[in-house]
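Here's the structure we're looking at; comments come further down.
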Amino acid sequence: MVEILIREYEPEKLILFGSAAQGEVHEWSDLDLVVIKRTDKPMLERIEEVLRLVRPKVGLDVLVYTPEEMEDLIAERRVFVLDEIIYKGAVAYERRH
């Protein structure tokens, strides 16, 4: 999945969060993923595009933010973003510039 997203979607960063990031994956676990990508598309289109590309075989909850949106969420000190994604999340990929 990560390889497909890197190759086909060209994200800036991929962050796993939730049970997968904590190493608590069970057979019924879904994957929680934040994709950070420069795009002008609306959020729903971004999510649909990711789901079409990866065609997950397990449940996948995905959020796709632009770098600016993520910066704004962090600046606003959104508890979910800070706690679950930034502090507890696991970076699966980060583009080198």
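Against the list (1) within 20 Å of Val91 (Cβ to Cβ); (2) under 12 Å from the mean Cα position of the chain (by Cα), the condition Gln22 fails is (2). Counting only residues that are buried (at least 17 other Cβ atoms within 10 Å of the Cβ), β-branched (Val, Ile, Thr) and more than 17 Å from Leu31 (Cα to Cα), segment 46-97 holds 1 of them. Taking segment 52-65 as the range and being part of a strand (DSSP E or B) and touching a helix residue (DSSP H, G or I) at 6+ places or on another chain (Cβ under 8 Å) as the test, the residues that pass are Leu60, Val62, Leu63, Val64, Tyr65. When Glu68, Glu49, Glu45, Glu84 are screened for being touching a helix residue (DSSP H, G or I) at 6+ places or on another chain (Cβ under 8 Å) and part of a helix (DSSP H, G or I), only Glu49 passes. Here Val91 clears all of (1) touching a helix residue (DSSP H, G or I) at 6+ places or on another chain (Cβ under 6 Å); (2) touching a residue at least 12 places away in the same chain (Cβ under 8 Å); (3) β-branched (Val, Ile, Thr) except the condition numbered (1). In segment 31-55, the residues that are more than 14 Å from Glu12 (Cβ to Cβ) form Cβ pairs under 9 Å with partners that are small (Gly, Ala, Ser) and surrounded by 13 or more Cβ atoms within 10 Å (Cβ to Cβ), at six or more places apart or across chains, as follows: Leu31/Gly18; Leu31/Ser19; Leu31/Ala20; Asp32/Gly18; Asp32/Ser19; Asp32/Ala20; Asp32/Ala21; Asp32/Gly89.
Would a scan of segment 28-37 turn up a residue that is of a type in the set (Asp, Glu), surrounded by fewer than 19 Cβ atoms within 10 Å (Cβ to Cβ), touching a Leu at 6+ places or on another chain (Cβ under 8 Å) and not in a strand (DSSP E or B)? Looking for residues that are of a type in the set (Asp, Glu), surrounded by fewer than 19 Cβ atoms within 10 Å (Cβ to Cβ), touching a Leu at 6+ places or on another chain (Cβ under 8 Å) and not in a strand (DSSP E or B), one finds at least one in segment 28-37, hence yes. Listed by first and then second residue, the pairs linking a residue in segment 58-86 that is of a type in the set (Ser, Thr, Tyr) to a residue that is at pLDDT 95 or above and loosely packed, with under 13 Cβ neighbours inside 10 Å, with Cβ atoms under 9 Å apart and 6 or more places separating them unless they lie on different chains, are Thr66/Arg38; Thr66/Asp40.
Checking the condition part of a strand (DSSP E or B), surrounded by 12 or more Cβ atoms within 10 Å (Cβ to Cβ) and in contact (Cβ under 8 Å) with a residue 40 or more places away in the chain, which residue from Leu16, Leu5 passes?
Leu16
The values are calculated or read from the model by the stated rules, or taken from the named source; none is laboratory data. As the structure is a computational prediction, the values presented were derived from the model and not from experiment. In this analysis, Cβ positions are derived from the backbone assuming ideal geometry, glycine residues included, and neighbour counts consider all displayed protein chains.
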